[in-house]
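K.L.:
Below is the structure I would like to discuss, written out as structure tokens.
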Amino acid sequence: MSVISVRELNLYYGKQQALHHIDLDVESDSITALIGPSGCGKSTFLRTLNRMNDSVPHTRITGTVKVFDEDIYSGKVDVEHLRKNIGMVFQHPNPFPKSIFDNIAYGPRLHGIRDRQTLDEIVEKSLKASALWDEVKDVLHKSALGLSGGQQQRLCIARALAVNPQILLMDEPTSALDPISTAKIEELLADLKSTYTIVIVTHNMQQAARISDKTAFFLNGELVEFDSTPVIFQNPCDKRTEDYITGRFG
């Protein structure tokens, strides 16, 4: 089942067109990887899925982006509710300068949850889901800034999960991490995809090949090819995809 359905999506920054006629469907309980060289539009596309481009001046979008059959660019959509349902994890870990507990409880509190027992349960559940609970359960009230980079990124994933989203967007979540932390995040994503629909931007093609079910190759703001990951990496239809995958450019 398609959770996200994009049709004829064009995005403009002022007069400059950054995305051209994108058609793409994202299936539930799967990992979709977006690959391509720097500046190709993959992060811009990712941000259209929870309207994060709204904050960029002079941005204009045409076409449709439907999430659970609702056009998220219609005037009827509550953007705050949309972003609660579509979590976002960024390239660099960005924990709040608060305790580990308060980082996770921040979102639920923002949405009106004040009961301490409920918050305790949410924090524990989210940290377990992000494979961090055993490492931090005895230091929940210490600063999140004291965690390692890999732990901070898993904390940010837990923070996104704490408001119970259905979709998780990730913009190069392991590019700032060492290989061991990267492997932990990849293992975590493999577990999370049975519960969440995940869309991930990655520069690491080996990572895309390892963890994703489908892969989209972007170039110059166009979606060149979108197919199952084995097809993209072993038998692509477009020569540009093959050239990128084999390292002839990018």
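K.L.:
Only residues that are in contact with a strand residue (DSSP E or B) (Cβ under 9 Å, 6 or more places away or on another chain), closer than 21 Å to Q207 by Cα and assigned to a helix (DSSP H, G or I): list them for the stretch 123-177, please.
P.N.:
Selection gives Q153, C156, I157.
K.L.:
Also, quick follow-up: Note down all Cβ pairs under 7 Å where the first residue falls in the stretch 54-79 and is without any contact (Cβ under 8 Å) to a residue 60 or more places away in the chain and loosely packed, with under 14 Cβ neighbours inside 10 Å, the second is of a type in the set (D, E, K, R) and part of a loop (DSSP other than H, G, I, E, B), and they're at least six residues apart or on different chains.
P.N.:
If the second residue must be of a type in the set (D, E, K, R) and part of a loop (DSSP other than H, G, I, E, B), the pairs left are V79/R51.
K.L.:
Here's another thing I want to ask about it. In the stretch 5-27, is there at least one residue being assigned to a loop (DSSP other than H, G, I, E, B) and either aromatic (F, W, Y) or farther than 22 Å from T202 by Cβ (or both)?
P.N.:
Checked the stretch 5-27: at least one residue is assigned to a loop (DSSP other than H, G, I, E, B) and either aromatic (F, W, Y) or farther than 22 Å from T202 by Cβ (or both).
K.L.:
Could you list all residues from the stretch 107-144 that are crowded, with 18+ Cβ neighbours inside 10 Å and free of Cβ contacts under 8 Å to residues at least 12 places away in the same chain?
P.N.:
None - no residue of the stretch 107-144 is crowded, with 18+ Cβ neighbours inside 10 Å and free of Cβ contacts under 8 Å to residues at least 12 places away in the same chain, so the list stays empty.
K.L.:
Sticking with this structure for a sec: Regarding the stretch 35-52, can at least one residue be identified that is over 17 Å from P165 (Cα atoms), in contact with a Phe, Trp or Tyr (Cβ under 8 Å, 6 or more places away or on another chain), in a helix (DSSP H, G or I) and not hydroxyl-bearing (S, T, Y)?
P.N.:
Within the stretch 35-52, one or more residues are over 17 Å from P165 (Cα atoms), in contact with a Phe, Trp or Tyr (Cβ under 8 Å, 6 or more places away or on another chain), in a helix (DSSP H, G or I) and not hydroxyl-bearing (S, T, Y).
K.L.:
Still on this structure, please answer the following. Are any of the residues in the stretch 211-222 in contact with an Asp or Glu (Cβ under 8 Å, 6 or more places away or on another chain) and more than 23 Å from L9 (Cβ to Cβ)?
P.N.:
The initial filter retains those residues of the stretch 211-222 that are in contact with an Asp or Glu (Cβ under 8 Å, 6 or more places away or on another chain), namely 211, 213-217.
Filter once more, keeping what is more than 23 Å from L9 (Cβ to Cβ): 211.
Yes, some residue in the stretch 211-222 is in contact with an Asp or Glu (Cβ under 8 Å, 6 or more places away or on another chain) and more than 23 Å from L9 (Cβ to Cβ).
K.L.:
Can you report the number of residues in the stretch 80-106 which are part of a loop (DSSP other than H, G, I, E, B) and surrounded by 12 or more Cβ atoms within 10 Å (Cβ to Cβ)? Spell out the reasoning first.
P.N.:
Taking the stretch 80-106 and keeping what is part of a loop (DSSP other than H, G, I, E, B), we get 90-98.
From what's left, surrounded by 12 or more Cβ atoms within 10 Å (Cβ to Cβ): 90-96, 98.
Counting residues in the stretch 80-106 that are part of a loop (DSSP other than H, G, I, E, B) and surrounded by 12 or more Cβ atoms within 10 Å (Cβ to Cβ) gives 8.
K.L.:
While we're on this one: Go through (1) out of contact with any Cys (no Cβ under 6 Å at 6 or more places or on another chain); (2) touching a residue at least 24 places away in the same chain (Cβ under 8 Å); (3) within 27 Å of K66 (Cβ to Cβ); (4) surrounded by 15 or more Cβ atoms within 10 Å (Cβ to Cβ) and name the single condition Q152 misses.
P.N.:
Here Q152 meets the rest and fails (3).
K.L.:
Separate question: Looking for something touching a residue at least 60 places away in the same chain (Cβ under 8 Å), surrounded by 15 or more Cβ atoms within 10 Å (Cβ to Cβ) and within 24 Å of E187 (Cα to Cα) - is there at least one such residue anywhere in the stretch 5-24?
P.N.:
No - not one qualifying residue is present in the stretch 5-24.
We did not get these values from a lab; they are worked out from the coordinates using the rules stated. As the structure is a computational prediction, the values presented were derived from the model and not from experiment. Here Cβ is always computed from backbone atoms with ideal geometry, including for glycine, and neighbour counts include all displayed protein chains.
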